[in-house]
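For reference, the structure discussed in these notes is given below.
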Amino acid sequence: MIEKLKLIGGVEKNLFCADDEQQIQNAFLNIEAIFNSHLPQSYKDFYINIGAFSFLELVCAKCIDVNPVMLKGNKISVGDFYCITGNDGSSITEVLSTFEEQLPVGLLPICDGELGDIICMSLREADYEYVYYFHHESPLGNDLFLIATNFVAFVMKLEIYEEG
């Protein structure tokens, strides 16, 4: 997956996120306790190796479902990947707090979408590890759009956004 990130222009690590392995492992355990579920090993490995980051290019991914904020070609914007530690604006904890009333239960925010939207991974039993686009302006119950059926497939769908 690291090679895939290089192919789409690379990333810049978020320097405000802790990269101490013990802090990260503790954060994994905390999230698993909050969700009463295990994080997928692919996500843990990805985070340990790469951490929170921003893309150096405009990046998108093709959605399986059609949604109201699609770019040309049924694609959605993919932004910064969130910190698993900390409580600042780029942390999973802060995003969960901000979207507490809107975000369906069992969805872990993993990165930004369009302004105000987030990309989440399900930790629910029925759709475990599915990656969804959460559109904050859509009506409740019609606000999730499937991007990929697992985290690795999501990362492999990432591509540089080209207008036209």
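Every number in this text was worked out from the coordinates using simple rules, so none of it is lab data. Because the structure is predicted, anything quoted here is derived from the model rather than measured. Every residue, glycine among them, receives a Cβ derived from its backbone with ideal geometry; neighbour counts consider all protein chains shown.
Hey, what does the equivalent ellipsoid look like for the chain, semi-axes from the Cα gyration tensor as sqrt of 5 times each eigenvalue, largest first, whole Å? Don't skip to the answer; put the middle values down first.
Numbers: eigenvalues 99, 77, 41 Å².
The answer is 22, 20, 14 Å, longest axis first.
How many nm is it between the label spots at Asp80 and Asn150, if each spot is 7 Å from the Cα in line with the beta carbon?
Between Asp80 and Asn150, the simple spin-label model gives 3.0 nm.
With a bin width of 10 angstrom, please list the P(r) values of the stretch 83-152 as percents of all Cα-Cα pairs, from the 0 bin to the one holding the largest distance.
Computed distribution, short to long bins: 22, 56, 22, 0.
I'd like the Kirkwood hydrodynamic radius of the stretch 12-99, using the inverse of the mean 1/r over distinct C-alpha pairs, in Å. The partial results should precede the final answer.
Numbers: mean 1/r = 0.0692 Å⁻¹.
Mean inverse Cα-Cα distance, inverted, gives 14.5 Å.
What FRET efficiency, computed as 1/(1 + (r/R0)^6) with R0 = 25 Å and r the Cβ-Cβ distance, is obtained for Lys4 and Ile48, rounded to the nearest 0.05?
Working: r = 16 Å, r/R0 = 0.66.
For Lys4 and Ile48, the calculated efficiency is 0.90.
Over the stretch 2-160, what is the relative contact order in percent, taking alpha-carbon pairs closer than 8 angstrom and at least six residues apart? Could you put the intermediate results ahead of the total?
Numbers: 284 pairs, mean separation 35.6, N = 159.
That works out to 22 percent.
Using DSSP to define loop residues, name the chymotrypsin sites (Phe, Trp or Tyr not before Pro) in the stretch 106-162 whose beta-carbon has at most 16 other beta-carbon atoms within 10 Å.
On the way: sites: Tyr128, Tyr130, Tyr132, Tyr133, Phe134, Phe145, Phe151, Phe154, Tyr161; in loops: Tyr128, Tyr130, Tyr161.
Passing both the DSSP loop test and the Cβ count: Tyr128.
Where in the stretch 54-82 does the label zone of Glu162 land, with the point 7 angstrom along Cα→C-beta and an amide N cut-off under 19 Å?
Residues 56-63, 71-78 fall inside that zone.
Using amide H atoms built 1.01 Å from N in the peptide plane, name the residues 5+ places from Ile64, or on other chains, whose amide H lies under 5 Å from its own.
Ile147
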